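S.K.: Following this message is one structure expressed as structure tokens.
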Amino acid sequence: FHVENIRNFSIIAHVDHGKSTLADRLLEITGTIAKTDHNKQVLDKLQVERERGITVKAQTASLFYHYKGIYYLLNLIDTPGHVDFNYEVSRSLSACQGVVLVVDANEGIQAQTMANFYLAFEAQLTIIPVINKIDLKNADPERVEKQIEKLFDISKDECIRISAKLGTSVDKVLQEVIEKIPPPSVNISDPLKALVFDSTFDHYRGVIANIALLGGEVQKGHKIVSAHTRKTYEVHEVGILTPNEQPTQKLYAGQVGYLIAGMKEVTEAQIGDTLYLHKQPVEPLPGFKSAKPMVFAGMYPIDQSEYNNLKSAIEKLTLNDSSVTVVRDSSLALGAGWRLGFLGLLHMEVFNQRLEQEYNASVILTTPTVPYKAKLSSAKLIKEYGKEEITIINPAEFPDKISVSEYLEPIVLGTILTPDEFMGKIITLCQARRAVQKDMVYIDDHRVMLKYIFPLNEIVVDFYDALKSLSSGYASFDYEDAGYQATDLVKMSILLNGNPVEELGTIVHKDKAYAVGKAICERLKDAIPRQLFEIAIQASLGSKIIARETLKAYKKDVLAKCYGGDITRKMKLLKRQAEGKKKMRKIGKVEVPKDAFLNVLKRQ
Ligand code: GTP
């Protein structure tokens, strides 16, 4: 293939606007896959993705298309469709020269449409606007075209109206890809320069890196080097994706394909890395960064006897996902486990679901926390940590206020798009989450775009659900990293008759401590069975009690009903009680069933 007959492009869209359906149609009309009902959304491989209708892991396919007497090679680079994976989206886009921006003809521009548009625009890619689902009864393509004109400054004449579902005008999309998107500007005679834009792990063959060749060529037997790790490998296999791997002799500049080179972990082929030939170093692509976890949570086996199984399941899963960080951790109540870092809450849920579905592992996840920072003022602590600013991902390691000059919390710039009838409620919600408004514009007669700076911890757990429910599902939300801001944090402890419950300690904003503490005490009261004495359940900040519930005493005598009964029944009951005790954790004299903590932690 001549470079001028190659096009590298991505489809970008808000969730559910039809990216996967359009990709499937493109694969069908180019004969890449047969047209049957069974291969719906071949590009979405993971079970959790199918269940939730979201794309998490990018899949790529090379399509061959005959147009005006010429054969074209069209590389469709699929991007993950969620805010948690924005970094991966931007790296996938750097392998493209253009994008097809899909907008639902009924819903119009949504928060992720904005985010994706800007990623493509900043990368200076050609943008082909496509209005999908024109077959829907409520479709209003004119309105969407006006939004596109207003927000993206793209003329409505450039929009292609299609129905991916019915196949209407889908061929027009391919033709525009050929006509409008430039071929990659690369040179085969340059030294090899390959961008890694995705990688997966295969049990037998090791890491499979998806690469875009920006210069030179690569084939089996070549020695290559990772610009990021500086490690050298011998290439075992190269090929194209259709979307399954299909080995080829060589890959040339301008092509997109895969490479296998004896890498054993996905961290050896990180997204954004550059590969070059041994002894022929090239300038690596700028802007490489490791994906940065923003949400941390403890993960424990439900039963400690499951520890080893869970350990091996986590190891296998992280082989395929270099963006999850894993550190061993332990808790008195929950036993040995790990503290895991994720890109966002959805990423965490996907990971958890994959553990359950693919490895049959049941786990306990503790309340997620964001990476706070503290500037230390105590000379002793600075010496201990070897630095003045530390990151806190575990409430158990929260440094006390007297040894800290300032606490910092991560913030994000959030974008909300909503019909204006819900605006009042949404603004109230944002204010309750300590958010500061940055912008508000009408994008058409009835829809508003709001921008807010949010503390990340205020949106991590349930903001999206709250937003969806108060807007009957109509508001959409996306966010991007906006750095850190100074904040006032406290560590809240939970006490049972004066004794602290280490695993329920949380880091909270000072102004939120009372409400959070009250909620935990109430839940704990429901979760602990009454005992022979009264139990005070308290939330405290240092020595100051801020919330309290009292669990009344209860004279529990399991043998009472057996008086006069037969001895075997008595023995059975005693045995059962002893077994029950094993699952108890003693805090002071108070016995707490282990699952009480789980219930409190899970719903916090
Ligand atoms: P993510 O993978 O979550 O990003 O979603 P997506 O953008 O890939 O959307 P997907 O292709 O899964 O489509 C979402 C829903 O819209 C599915 O139920 C599709 O059947 C439906 N859909 C897609 N295209 C059309 C269309 O042209 N017309 C109609 N009526 N429905 C469509």
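The values are calculated or read from the model by the stated rules, or taken from the named source; none is laboratory data. Since this is a predicted model, take the numbers as computed values, not measurements. Cβ placement follows ideal geometry from the backbone for every residue including glycine, while neighbour counts extend to all protein chains displayed.
S.K.: What residue, among those in the stretch 404-456 that are in contact (Cβ under 8 Å) with a residue 12 or more places away in the chain and hydroxyl-bearing (Ser, Thr, Tyr), is nearest to residue 152 (Cα to Cα)?
M.R.: Among those residues, the one meeting the criterion is 442.
S.K.: If you scan the stretch 282-313, which residues turn out to be under 24 Å from residue 397 (Cα atoms) and not in a loop (DSSP other than H, G, I, E, B)?
M.R.: Hits for the stretch 282-313 are 295, 296, 297, 298, 299, 300, 301, 304, 307, 311.
S.K.: Given the residues 450, 467, which is the only one that is in a helix (DSSP H, G or I) and touching a strand residue (DSSP E or B) at 6+ places or on another chain (Cβ under 6 Å)?
M.R.: Only one candidate qualifies: 467.
S.K.: Can you list residue pairs whose Cβ atoms sit under 6 Å apart, with the first residue in the stretch 233-246 being over 19 Å from residue 277 (Cβ atoms) and the second being at pLDDT below 95 and assigned to a loop (DSSP other than H, G, I, E, B)? Count only pairs 6 or more apart in sequence or on different chains.
M.R.: Close Cβ pairs (under 6 Å, with a partner that is at pLDDT below 95 and assigned to a loop (DSSP other than H, G, I, E, B)) amount to 242/32; 243/59.
S.K.: A further question follows. Which one is farthest from residue 213 (Cα to Cα) among residues in the stretch 12-32 that are more than 8 Å from the ligand (Cβ to nearest atom) and crowded, with 19+ Cβ neighbours inside 10 Å?
M.R.: 25
S.K.: Among the residues that make up the stretch 431-442, is at least one of them outside any strand (DSSP E or B), on the phi < 0 side of the Ramachandran plot, modelled with pLDDT of 85 or more and surrounded by 15 or more Cβ atoms within 10 Å (Cβ to Cβ)?
M.R.: yes
S.K.: Report yes if some residue within the stretch 517-528 is at pLDDT 80 or above, surrounded by 12 or more Cβ atoms within 10 Å (Cβ to Cβ) and outside any helix (DSSP H, G or I); otherwise report no.
M.R.: yes
S.K.: Could you tell me whether any residue of the stretch 124-147 is in contact with a helix residue (DSSP H, G or I) (Cβ under 9 Å, 6 or more places away or on another chain), modelled with pLDDT under 90 and either within 15 Å of the ligand (Cβ to nearest atom) or at negative phi (or both)?
M.R.: Within the stretch 124-147, none of the residues are in contact with a helix residue (DSSP H, G or I) (Cβ under 9 Å, 6 or more places away or on another chain), modelled with pLDDT under 90 and either within 15 Å of the ligand (Cβ to nearest atom) or at negative phi (or both).
S.K.: If we keep just the residues of the stretch 443-498 that are of a type in the set (Val, Ile, Thr) and under 30 Å from residue 548 (Cβ atoms), which is surrounded by the fewest Cβ atoms within 10 Å (Cβ to Cβ)?
M.R.: 461
S.K.: A further question on this structure: Within the group 416, 426, 411, which residue is buried (at least 18 other Cβ atoms within 10 Å of the Cβ), farther than 17 Å from residue 468 by Cβ and within 25 Å of the chain's Cα centre (by Cα)?
M.R.: Going through 416, 426, 411 in turn, just one is buried (at least 18 other Cβ atoms within 10 Å of the Cβ), farther than 17 Å from residue 468 by Cβ and within 25 Å of the chain's Cα centre (by Cα): 411.
S.K.: Report yes if some residue within the stretch 354-370 is among the aromatic types (Phe, Trp, Tyr), surrounded by 14 or more Cβ atoms within 10 Å (Cβ to Cβ) and modelled with pLDDT of 90 or more; otherwise report no.
M.R.: So far as the stretch 354-370 goes, no, none of its residues is among the aromatic types (Phe, Trp, Tyr), surrounded by 14 or more Cβ atoms within 10 Å (Cβ to Cβ) and modelled with pLDDT of 90 or more.
S.K.: Let me ask you something else. Filter the stretch 269-318 down to the residues that are under 23 Å from residue 412 (Cβ atoms) and surrounded by fewer than 17 Cβ atoms within 10 Å (Cβ to Cβ), then identify the one that is modelled with the highest pLDDT.
M.R.: Within the stretch 269-318, the match that is modelled with the highest pLDDT is 292.
S.K.: Looking for something at positive phi and at pLDDT 90 or above - is there at least one such residue anywhere in the stretch 86-104?
M.R.: no
S.K.: Of everything in the stretch 152-177, what is surrounded by fewer than 17 Cβ atoms within 10 Å (Cβ to Cβ) and assigned to a helix (DSSP H, G or I)? Give them in sequence order.
M.R.: 156, 157, 158, 171, 172, 175, listed by residue number.
S.K.: Looking at (1) at pLDDT 90 or above; (2) out of contact with any helix residue (DSSP H, G or I) (no Cβ under 9 Å at 6 or more places or on another chain), which is the only condition residue 535 fails?
M.R.: (2)
S.K.: Right, here's the next one. Being at pLDDT below 90 and aliphatic (A, V, I, L, M) is the filter here; which residues of the stretch 444-466 pass it?
M.R.: 459, 460, 461, 466
S.K.: Please verify whether residue 406 is under 30 Å from residue 382 (Cα atoms) and of a type outside the set (A, V, I, L, M, F, W, C), treating the condition exactly as stated.
M.R.: In short, yes.
S.K.: What are the residues in the stretch 187-209 that are buried (at least 16 other Cβ atoms within 10 Å of the Cβ) and either among the hydroxyl-bearing types (Ser, Thr, Tyr) or more than 20 Å from residue 61 (Cα to Cα) (or both), if any?
M.R.: 192, 193, 199, 200, 206
S.K.: Taking interchain pairs and intrachain pairs at least six residues apart, which have beta carbon atoms under 8 angstrom, with the first residue in the stretch 91-114 and farther than 15 Å from residue 444 by Cα and the second acidic (Asp, Glu) and within 14 Å of the ligand (Cβ to nearest atom)?
M.R.: If the second residue must be acidic (Asp, Glu) and within 14 Å of the ligand (Cβ to nearest atom), the pairs left are 92/78; 104/16; 112/478.
S.K.: If I filter the stretch 379-408 down to residues being among the β-branched types (Val, Ile, Thr) and closer than 20 Å to residue 339 by Cβ, which single residue comes out as surrounded by the fewest Cβ atoms within 10 Å (Cβ to Cβ)?
M.R.: 391
S.K.: Out of the residues in the stretch 209-232 that are at pLDDT 90 or above and β-branched (Val, Ile, Thr), state the one that is farthest from the chain's Cα centre (by Cα).
M.R.: So the residue we want is 218.
S.K.: Is there a residue being away from the ligand (no atom under 12 Å from the Cβ), at pLDDT below 90 and in contact with a His (Cβ under 9 Å, 6 or more places away or on another chain) anywhere in the stretch 46-63?
M.R.: Scanning the stretch 46-63, I find no residue that is away from the ligand (no atom under 12 Å from the Cβ), at pLDDT below 90 and in contact with a His (Cβ under 9 Å, 6 or more places away or on another chain), so the answer is no.
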